[in-house]
1. Residues 321, 331, 307: which one is surrounded by fewer than 20 Cβ atoms within 10 Å (Cβ to Cβ), over 20 Å from residue 205 (Cβ atoms) and under 22 Å from the mean Cα position of the chain (by Cα)?
2. Count, please, the residues in the stretch 129-147 that happen to be more than 10 Å from the ligand (Cβ to nearest atom) and in contact with a strand residue (DSSP E or B) (Cβ under 9 Å, 6 or more places away or on another chain).
3. Between a first residue in the stretch 132-156 that is in the same structural domain as residue 192 (by TED's automatic domain parsing) and closer than 13 Å to residue 229 by Cα and a second residue that is assigned to a loop (DSSP other than H, G, I, E, B) and within 14 Å of the ligand (Cβ to nearest atom), which pairs have beta carbons less than 8 Å apart while being 6 or more apart in sequence or on different chains?
4. Being within 15 Å of the ligand (Cβ to nearest atom), over 28 Å from residue 341 (Cβ atoms) and in the same structural domain as residue 242 (by TED's automatic domain parsing): is that true of residue 192 here?
5. Residues of the stretch 148-177 being closer than 24 Å to residue 220 by Cα and more than 16 Å from the ligand (Cβ to nearest atom), which ones?
6. With the structure loaded, tell me whether residue 400 is in a strand (DSSP E or B) and either modelled with pLDDT of 95 or more or outside the structural domain of residue 56 (by TED's automatic domain parsing) (or both) or whether it fails that test.
7. Looking at the structure I just gave you, is residue 264 assigned by TED's automatic domain parsing to the domain that holds residue 209 and either surrounded by fewer than 24 Cβ atoms within 10 Å (Cβ to Cβ) or over 24 Å from residue 79 (Cβ atoms) (or both)?
Ligand SMILES: *Cc1c(COP(=O)(O)O)cnc(C)c1O
């Protein structure tokens, strides 16, 4: 006998928010809005109100929402096979790895479920390669001030902000931080005990700071000289967001290991680390693994994402719309004296204020524009690659109103200068 079916409890937006407050761990402060669907560059809340999305789910939704090509592949693969485990082949891992190798100039790929896991894998691979080539003493990791690499212990150990690290001490020993774009500090710290140096070519959470060509070149030189791995964390700035497949492609010398994630599978969880053969060959069966990473559905979607970027000329669109947005932000900077600087390239742009950015983010949301603030005072823009000229103008119009109408927060003299180096926009073009 079947038990009497209980009437299904209808999920309402207010109920969902109440349940979160009661049952979720307290790790995020969220505005009282529930996004129920999205289309193109817009999200819609429980009242059907549209929001122009210049945040893209934190640099993830590069093709916006409900992109027909991704929807088609998700439907098709969901009805075929979602998961087979990594004990077996699947139809898409190989072709996706091949395409990532073509995009990046690396030789081999390992798939993960997130950015932080891919960073962990990259750290493990560089330690392993150092152990195999040099024995047990070459274990130090170098990272940069203002870096962000993720929340697991290894990734956290090379993440600079004390507020993320200190509550969880002790972390993985042997991490050291180099001053951003400071070649002398790099030379002083990059000794024979270093097994890897990790660099975000454009720091995302750190406030949209671009690595200088001279610093990158010196890091490449020192890594080669010391037999250490140069790791590019392009989880946020890579896979097309800068207007190139990878930011390092306009710098001198390839990295040894490249880490990707955010936009890779159009919003489904997928990350990867890619390596040159010299490092990749350190792995043999059993040394590293994952249950979920690189399943057939997510890999099929990632392949479709990369093909769409290629076939629709989206890198050109990122460059053109990025230039348009940056010019608009520079116009605003000339108009409002509390804007200190506009920086970034392609569709990863930052606007540093001399005051707290939070109130502007909240007011933008009230007016139907989603942006974000990092490092307390840097408004950050990470819109989808499919953005068109009209939407750029719409976003800029809303932002101008927001900058004009928001009650100006008090300038906090203690934080009047954040540590991120002021990088003139002209210098990074
Ligand atoms: C988001 C991010 C990570 C962490 O990725 P998760 O998927 O959140 O684990 C690491 N590095 C950079 C540069 C990032 O932007």
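1. Numbers: 321 fails: surrounded by fewer than 20 Cβ atoms within 10 Å (Cβ to Cβ); 331 fails: under 22 Å from the mean Cα position of the chain (by Cα).
Of 321, 331, 307, the one residue that is surrounded by fewer than 20 Cβ atoms within 10 Å (Cβ to Cβ), over 20 Å from residue 205 (Cβ atoms) and under 22 Å from the mean Cα position of the chain (by Cα) is 307.
2. Restricting attention to the stretch 129-147, the residues satisfying the condition of being more than 10 Å from the ligand (Cβ to nearest atom) are 129-146.
This time we only want the ones that are in contact with a strand residue (DSSP E or B) (Cβ under 9 Å, 6 or more places away or on another chain), so: 129-131, 134, 138-146.
The qualifying residues number 13.
3. So the pair list comes out as 141/158; 143/149; 143/158; 143/159; 143/160.
4. Working: within 15 Å of the ligand (Cβ to nearest atom): no; over 28 Å from residue 341 (Cβ atoms): yes; in the same structural domain as residue 242 (by TED's automatic domain parsing): yes.
So residue 192 does not fit the description; no.
5. 173, 174, 176
6. Details: in a strand (DSSP E or B): no; either modelled with pLDDT of 95 or more or outside the structural domain of residue 56 (by TED's automatic domain parsing) (or both): yes.
Here the answer is no, as residue 400 does not meet what is asked.
7. Details: assigned by TED's automatic domain parsing to the domain that holds residue 209: yes; either surrounded by fewer than 24 Cβ atoms within 10 Å (Cβ to Cβ) or over 24 Å from residue 79 (Cβ atoms) (or both): no.
Spelling it out, it is not the case that residue 264 is assigned by TED's automatic domain parsing to the domain that holds residue 209 and either surrounded by fewer than 24 Cβ atoms within 10 Å (Cβ to Cβ) or over 24 Å from residue 79 (Cβ atoms) (or both).
One line per residue, one yes/no per condition, for (1) surrounded by fewer than 24 Cβ atoms within 10 Å (Cβ to Cβ); (2) outside any strand (DSSP E or B); (3) touching a helix residue (DSSP H, G or I) at 6+ places or on another chain (Cβ under 8 Å):
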position: 231; (1), (2), (3): no, no, yes
position: 235; (1), (2), (3): no, yes, yes
position: 243; (1), (2), (3): yes, yes, yes
position: 248; (1), (2), (3): no, yes, yes
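The values are calculated or read from the model by the stated rules, or taken from the named source; none is laboratory data. Because the structure is predicted, anything quoted here is derived from the model rather than measured. Cβ sites come from the backbone with ideal geometry, for glycine too, and all protein chains shown count toward neighbours.
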